[in-house]
Amino acid sequence: MGLELFLDLLSQPCRAVYIFAKKNSIPFELRIVELLKGQHLSEDFALVNPVQKVPALKDGDFTLTESVAILLYLTRKFKVPDHWYPQELQARARVDEYLSWQHTNLRRHCLRVLWHKIMFPVVLGEPVSPEVLEITLAELDLTLQILEDNFLQDKAFLVGPHISLADLVAITELMHPVSAGCPIFDSRPKLAAWSQRVEAELGPPLFQEAHEVILKAGDFPPADPSLKQKLLPRVMAMIG
């Protein structure tokens, strides 16, 4: 068995892994794990990833979880352009710096916006108070400012003149609030120009394909009540 990727493109880290593999012509078998159907909670998927989260990778008998670890594994196993994860020590350290920062910052706040604006009220039927939503959006705005000031600065991409894993991970995160109807780029021309450069580098057809599911988040049907009871505590733990 060759390389297998267990993904749901609803998930921002899954989109990053999918785009990276496709962009770099890495051969893989796509195994869809539908989160909103609870497929990640199945006994079969627990054999792949005991913590029942996507993405996951299987390469023969080798199994790997966590999106950053998967992306780094792919850069090392396959011949990909150096700009994704540069060999030069300090450039690589800058990519590592961003990937370390984003877990509890941009990822968390983008995820919270999607859930508070769309997923809780539309999919789970759980109302979110205006006060909570206001705090969530304010936290995202502060994080976007840090992204601009500390990472992008006046560069073409987050760590320099070329696209890297940092940009790929960041743009897939930002499509969560975009899909929730947040005009995050309207008042940030520098970030908007960066996002356009990233999409152009990735290729608009691939970028649109990877984000087709999430851009329809507002049209998701309500979750089955029994599944809702399984999902709700896991979601609360994830975004709390």
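Worth pointing out:
- Enumeration of residues in segment 81-126 that are over 21 Å from L9 (Cβ atoms) and hydrophobic (A, V, I, L, M, F, W, C): L89, A91, A93, V95, W101
- A residue that is touching a residue at least 60 places away in the same chain (Cβ under 8 Å) and of a type in the set (A, V, I, L, M) occurs somewhere in segment 48-68.
- Conditions (1) within 26 Å of H116 (Cα to Cα); (2) in contact with a helix residue (DSSP H, G or I) (Cβ under 9 Å, 6 or more places away or on another chain); number of the one not met by F151: (1)
- Candidates F207, F220, filtered to the one that is of a type in the set (F, W, Y) and modelled with pLDDT under 95: F220
- Candidates are the residues of segment 200-237 that are of a type in the set (D, E) and within 21 Å of the chain's Cα centre (by Cα); the one that is surrounded by the fewest Cβ atoms within 10 Å (Cβ to Cβ) is D219.
- Any chance V122 is touching a Phe, Trp or Tyr at 6+ places or on another chain (Cβ under 7 Å) and either open to solvent by 40 Å² or more (accessible area, probe 1.4 Å) or part of a helix (DSSP H, G or I) (or both): yes
- Pick from segment 64-82, criterion out of contact with any strand residue (DSSP E or B) (no Cβ under 6 Å at 6 or more places or on another chain) and not in a helix (DSSP H, G or I), ranking: least open to solvent (accessible area, probe 1.4 Å): V80
- Leading residue by the ranking (farthest from S11 (Cα to Cα)) among those in segment 161-188 that are small (G, A, S) and surrounded by fewer than 18 Cβ atoms within 10 Å (Cβ to Cβ): S187
- Leading residue by the ranking (least open to solvent (accessible area, probe 1.4 Å)) among those in segment 29-47 that are among the acidic types (D, E) and in a helix (DSSP H, G or I): D44
- When residues in segment 95-119 are screened for being modelled with pLDDT of 95 or more, among the polar types (S, T, N, Q) and open to solvent by 10 Å² or more (accessible area, probe 1.4 Å), 2 of them pass.
- From the options A166, A210, A180, A223, residue that is of a type in the set (G, A, S) and under 19 Å from Y85 (Cβ atoms): A166
The values are calculated or read from the model by the stated rules, or taken from the named source; none is laboratory data. Quantities reported herein were computed from a predicted structural model and do not represent experimental measurements. Cβ sites come from the backbone with ideal geometry, for glycine too, and all protein chains shown count toward neighbours. For the accessible areas, the whole protein counts, side chains as well, though only heavy atoms, and no ligand, DNA or RNA atoms are used. Shrake-Rupley method; radii C 1.70, N 1.55, O 1.52, S 1.80 Å.
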